[in-house]
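S.K.: Before I ask anything, here is the structure I am working with.
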Amino acid sequence: MTALAEAIAAEKIGGRVWFYSNYHCNLQCSYCLTESAPLVKRRELGREAILERAREASALGFTGYGVTGGEPFILDYMPDLVAELGRELPTIVLSNATLFNERRLREIEPLADLPVHIQISLDHPDPVENDEMRGPENFRKVVEAIPKLVERGIGVRIATTLDDPDAADPEEQERLCELHRSMGIPDEDHVVRPVINRGRAVSNEMGVLAGFEQLEPELTLTADGAFYSPFAPTVRGGRLDTDLLVSRTTSPLSAAAGSLVRIADDLPAGHDASIGIR
Ligand code: SF4
């Protein structure tokens, strides 16, 4: 067993390595951690870099992959890339599910035979409230896309992001759960998590603070280096936040992973991340 595999087995760091495939997005949500929008700097990691790092990660003992952005499926190579990742290790891709036209749906059909889940954002059971944060027509597009994925046998999870989950109306939450169940998504595949006060959520005064002490260490690779958590490489005012940067380089992966383990080792005794919400 490698030293890294031992750190994962001991739960010092998470077993999943995350890839920020890109930072641009067709949407512009009010709480977006990365200030994503159609015309922002793309910060694309690149297909070959992702595959190379993924192979290293698997050899080092990581147990899963995650892909996030921006919107990953805005990239034409994403369906093939996710299939390649899924053939190696269980993979989760975070998506807004608004780009699944007939062509994309055909392209992602091979994912049905692989340990791949697409995690889709759906925040509210009512279109008006949902679209307030995520943009016009978002609710309609998402509830149309999910059954198309489910009927193709593709794994789907739903992620609900709320400004204050503890203050959520139980009746609304129950209606949201009825909605996802009606689309074939069971309760165990529905996660509810708070808005994190980073990125665009800062300007909109939303969410909870999150730093080393609140976040679970999960190696997260971007075009600009390796970070402590998928909630770390955020953007504010167009500039990348580096307060949770682990390493400027991601190659070799063993060095970036070693830096993450050392940071995790240095956290105060009794540290227990309180926002493990992917
Ligand atoms: S939260 Fe997700 S879907 Fe919304 S703008 Fe950001 S990357 Fe795009």
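Computed from the coordinates by the stated procedures, all read-outs in this text should not be read as laboratory data. Everything quoted here is computed from the prediction, not taken from an experiment. Every residue, glycine among them, receives a Cβ derived from its backbone with ideal geometry; neighbour counts consider all protein chains shown.
S.K.: Residue by residue through segment 108-150, note down the ones that are in contact with a Pro (Cβ under 6 Å, 6 or more places away or on another chain) and more than 15 Å from the ligand (Cβ to nearest atom). Give the steps one after another, and end with the answer.
M.R.: Kept after step one, since they are in contact with a Pro (Cβ under 6 Å, 6 or more places away or on another chain), are these residues of segment 108-150: 108, 115, 139.
If the condition is that a residue be in contact with a Pro (Cβ under 6 Å, 6 or more places away or on another chain) and more than 15 Å from the ligand (Cβ to nearest atom), then Ile108, Pro115 are the ones that fit.
S.K.: Let me ask something additional. Which one of these is free of Cβ contacts under 8 Å to residues at least 24 places away in the same chain, under 18 Å from Ser95 (Cα atoms) and not β-branched (Val, Ile, Thr): Glu171, Glu188, Glu144?
M.R.: On the way: Glu171 fails: under 18 Å from Ser95 (Cα atoms); Glu188 fails: under 18 Å from Ser95 (Cα atoms).
Answer to the check: Glu144.
S.K.: Considering every residue within segment 238-251, establish whether at least one is surrounded by 20 or more Cβ atoms within 10 Å (Cβ to Cβ) and acidic (Asp, Glu).
M.R.: No: segment 238-251 contains no residue that is surrounded by 20 or more Cβ atoms within 10 Å (Cβ to Cβ) and acidic (Asp, Glu).
S.K.: Something else about it: Quick one: would you say Leu81 is under 19 Å from Ala255 (Cβ atoms) and in contact with a Leu (Cβ under 8 Å, 6 or more places away or on another chain)?
M.R.: It is false that Leu81 is under 19 Å from Ala255 (Cβ atoms) and in contact with a Leu (Cβ under 8 Å, 6 or more places away or on another chain).
S.K.: When you scan segment 196-236, how many residues do you find that are within 18 Å of Cys25 (Cα to Cα) and of a type in the set (Val, Ile, Thr)?
M.R.: Of the residues in segment 196-236, 3 are within 18 Å of Cys25 (Cα to Cα) and of a type in the set (Val, Ile, Thr).
S.K.: Could you please let me know if Leu99 is farther than 13 Å from Val156 by Cα, touching a residue at least 24 places away in the same chain (Cβ under 8 Å) and among the aliphatic types (A, V, I, L, M)?
M.R.: Yes; evaluated as a whole, the condition is true for this residue.
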